Amino acid sequence: MSRSDSLAATREVTLVDLVDRLLGGGVVISGDITLAVADIDLVQVSLRALVASVEKVASG
Amino acid sequence: VIYVYAIGEHEGRLTAFVKPVDGAPEPEPETLLNHDRVVYSLMERGPVLPMRFGTVLDDETEVRSLLLSRRKELRDMLARVRGRVEFGVRGEQTKATSGRAYMHARLDRKRSLAPLAELAADSRARHKDTAYLVDRDLADAFKERARSMKLALSGPWPPYSFTGALDD
């Protein structure tokens, strides 16, 4: 997808805007958010580590 | 526990993008950037609803029940952000000395930003900037216009500012 490539290539991200969005935006689940100490490597996240479809569960 | 980055679609199905972790990460520049990077790359594959940074759920069952119980809301939110990205536009800080001056400044700002709002599907006043939800097809035009108006632009972002709270 060349269009999204060009979008990403010119992405402008400042830490201030990032913090404002990540800590003040996004989907919030009431009461279930915990911020705790963790020493994990998020870089190694795998897109395959996804929880598959609930709709499959729902229909099946 | 399970860290939830975002909710989106996989092969047309409602999907949570997760990673098993020992605990929620602390908000540090590195972890914040990583969260953003993951959500951004997910957005390149389809519509996503970013989760608030630091969201962890107990187990897979909890993730599934979240998706199931909020299915309609999540689908509606996904439909709204499909094919769209978020941009942030920062203007001058208004240092109003009175309530009246403040209201005037707000009104002026809203008026001056109208040409940008024209190109956006939606907008939200944020703490430090104004967020716009923009069709990908109009992204270049939007950036161009912001530049011509000499406004500081950030993005494209995943739609952090256009996802609602899932309240009980």
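From the residues in the range B:7-45 that are part of a strand (DSSP E or B) and more than 8 Å from chain A (Cβ to nearest Cβ), which one is surrounded by the most Cβ atoms within 10 Å (Cβ to Cβ)?
B:GLY8
Only one residue in B:ARG136, B:ARG100, B:ARG147, B:ARG75 is in contact with a Gly (Cβ under 6 Å, 6 or more places away or on another chain) and more than 18 Å from A:LEU23 (Cα to Cα). Which one?
B:ARG136
Could you give every pair whose Cβ atoms fall below 8 Å, whose first residue belongs to the range B:88-108 and is within 23 Å of B:GLY155 (Cβ to Cβ), and whose second residue is aromatic (Phe, Trp, Tyr) and modelled with pLDDT of 75 or more, counting only separations of at least 6 or pairs across chains?
B:GLY88/B:TYR132; B:GLY88/B:TRP157; B:VAL89/B:TYR132; B:THR94/B:TYR102
All but one of (1) on the phi > 0 side of the Ramachandran plot; (2) surrounded by 20 or more Cβ atoms within 10 Å (Cβ to Cβ) hold for B:LYS150, so report the exception by its number.
Every condition holds for B:LYS150 apart from (2).
Take the range B:22-52 and flag every residue that is closer than 28 Å to B:ASP135 by Cα and in contact with a strand residue (DSSP E or B) (Cβ under 7 Å, 6 or more places away or on another chain).
Matches in the range B:22-52: B:HIS35, B:VAL38, B:VAL39, B:LEU42, B:GLY46, B:PRO47, B:VAL48, B:LEU49, B:PRO50, B:MET51, B:ARG52.
Which of the numbered conditions does B:THR61 fail, given that it passes all the others? Conditions: (1) within 28 Å of B:PRO27 (Cβ to Cβ); (2) in contact (Cβ under 8 Å) with a residue 12 or more places away in the chain.
So B:THR61 meets the others, but not (2).
The values are calculated or read from the model by the stated rules, or taken from the named source; none is laboratory data. It should be emphasised that the depicted structure is a prediction, and the values quoted were computed from it without experimental measurement. Note that we place each Cβ from the backbone using ideal geometry, even for glycine, and neighbour counts take in every protein chain shown.
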